[in-house]
Amino acid sequence: MTVWDRPEPPTQPVPLARGRIVAAAIALADEGGLEAVSVRKVAARLDAGPMRLYRYISSKEELFDLMVDEVQAEILPEEQPGDWREALRVLAQRTRKAALRHAWLADLLGGRPVMGPNGLAVAEATLSAFDSLTDIDTVMRAVEMVNAYSIGAIRRETANLRAERVTGLSKHDWQRAHGPHMTSMLATGRFPALSRVVYDGTDVDAQTSFTIGLDWVLDAVAAKLTGPSA
């Protein structure tokens, strides 16, 4: 039986509910990452004994599932775009924004799907965007490809942001610090392709990079689809 199927325990003298437990866990994760979340720390945040929480959740992994499902509500758009391409673009962009608000989310994306109500609603919104446009196997591969790109790009961006917080160096500070070494290595002539990237490539911000890459992936999906909407 999943956590969403189990009824909550009767009200105790000090009010406690899964919603309060999840909110406290998300607050801790927003402050210090997933390593800051434990049943003991969540219980302390709620001024409750740890054993009381085990009446609502069976493990930390189950708590993580609840946290992800709660944040999925932030990803679901209020209105479903009519066009499949716009629908997938909106969902991907909203996933990125949710991960920037909750940096820990990137570490929990891409594994087994969370079967909570919000996660299922996001999955339904994603799949229904195609609305019989093509066969279901093609739809599944298309969704997998878009998700793989989005999750990979989001993880890279959040990892860079985490590195900035840990080191205190911004992207440009880091580049300046490593500039002399890179210049000397490129001067050897051993890395011509890398030299072109460093000296001739256009540096774009993370939002622009994500959007361009997403559009390229959606172009590839469109090439595989049939029908006038593609």
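Only the coordinates and a few stated rules stand behind these numbers; no lab work does. Computed from a prediction, not measured in an experiment: that's the story for all the values here. Counting neighbours? That spans all protein chains shown, and the Cβs are built from the backbone with ideal geometry, glycine included.
Axis angle, to the nearest 10 degrees, between helix 60-75 and the longest C-alpha principal axis of the chain: 60 degrees.
Net charge dipole, the range 104-230: roughly 580 debye, given to the nearest 20, about the Cα centre with Cβ charges of +1 for Lys and Arg and -1 for Asp and Glu.
For the chain, the tally of Lys pairs with Cα-Cα distances below 30 Å comes to 5, considering only residues 8 or more apart or on different chains. Each Cα pair under 8 Å and six or more residues apart adds its sequence gap; the mean of these over the residue count of the chain is a relative contact order of 18 percent.
Contact order, relative form, for the range 36-122: 31 percent (alpha carbon pairs under 8 Å, 6 or more residues apart, mean separation divided by residue count). The GluC sites (Glu not before Pro) of the range 54-91 that meet both conditions, a loop assignment by DSSP and at most 12 other Cβ atoms within 10 Å of the site Cβ, are 78, 79.
For the chain, the 222 nm mean residue ellipticity estimated from helices alone, with every DSSP H stretch of n ≥ 4 adding -39500 (n - 2.57) and the total spread over all residues, rounds to -21000 deg cm²/dmol.
Counting neighbouring Cβ atoms within 10 Å and putting the fewest first, the residues 102, 172 line up as 172, 102. Viscosity 0.692 mPa s, temperature 37 °C: what is the translational diffusion coefficient of the chain from Stokes-Einstein with a Kirkwood Rh over Cα pairs, rounded to a whole number of µm²/s? In µm²/s, the coefficient is 160. Working from the Cα coordinates of the range 1-58, the gyration tensor eigenvalues give, after taking √(5λ), semi-axes of 19, 13, 9 Å in decreasing order. Normalised by the number of residues in the range 1-58, the average gap of Cα pairs under 8 Å and 6 or more apart makes the relative contact order 34 percent.
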